[in-house]
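Heads up: the structure comes next, in structure tokens.
What follows is calculated from the coordinates using simple rules that are stated; it is not laboratory data. Note that the structure is predicted; figures quoted are calculated from it, not measured. So basically every Cβ, Gly included, is an ideal-geometry build from the backbone, and we count neighbours across all protein chains shown.
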Amino acid sequence: MDKIIREKDKVKIINPEIFVRYGYPMSKDETINKIDEKYQSDIVKFLTDLNITGIKEKINTNLVFNDGDFIRAYEDICKALAYYLMKKKKFGGNTRSIYTETEKRFMGKIGEVIGIHRVMTGKYVSDYYDEYGMEYIPARLEKQKSHKILTILIEKEFFEIEDINVEKIFI
């Protein structure tokens, strides 16, 4: 029997490690959230000083924005600051990995594969010239490994999981 998993195949979850993201240790979204939490009032004051306003109301400690230009400017500033902070910290390290979360409720469930893509992990090595300055060595991933990521549908819920965490069901 063919063990290769393809779209429309049925699979059983044998290890409910749900794919969250892949990449370097620092997450763009997590870094943006930290900047938002720590510097929200400073960024709002900066935008307000520039006469870019858009605060509708304050609920508890969260501001609610109502102007599209203000929201875009605010988000662009947070994204830019996050990028430079991550770059300064070298993205938390040079190893590209897969990050997962355990969802025990999916253990043993059967779902349908509705999409497949691959991601690469490994250790990033920057580009350089050889010791004589003659040969250029491009940046690369050392010890790279390809991972097959499946998009699964179970009871009207979509999620992604690596293929090593499922087994194909033959019907």
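At a glance:
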| read-out | value |
| --- | --- |
| Inter-label distance, nm, simple model (7 Å from Cα along the C-beta direction), E101/D42 | 2.8 nm |
| Ranked H147, H117, criterion: other C-beta atoms within 10 Å, fewest first | H117, H147 |
| Using alpha-carbon coordinates, inclination of helix 28-49 to the longest axis of the chain, degrees | 20 degrees |
| Degrees between helix 68-88 axis and first principal axis of the chain (Cα, 0 to 90, nearest 10) | 70 degrees |
| Residue order, fewest to most surrounding Cβ atoms within 10 angstrom, among I152, I116 | I116, I152 |
| Theoretical gain in end-to-end length, F170 to Y22 [0.36 nm per residue, Cα-Cα removed] | 50.3 nm |
| Taking the chain and dividing mean pair separation by its residue count, relative contact order in percent (alpha carbons under 8 Å, at least six apart) | 35 percent |
| Structure-based [θ]222 nm, the chain - -39500 (n - 2.57) summed over DSSP H runs of at least 4, per residue, nearest 500 | -8500 deg cm²/dmol |
| Efficiency of FRET from Cβ geometry, K34 and I154, R₀ 30 Å, rounded to 0.05 | 0.40 |
| Calculated FRET value between D49 and R72, using beta carbons and R₀ = 22 Å, to 0.05 | 0.80 |
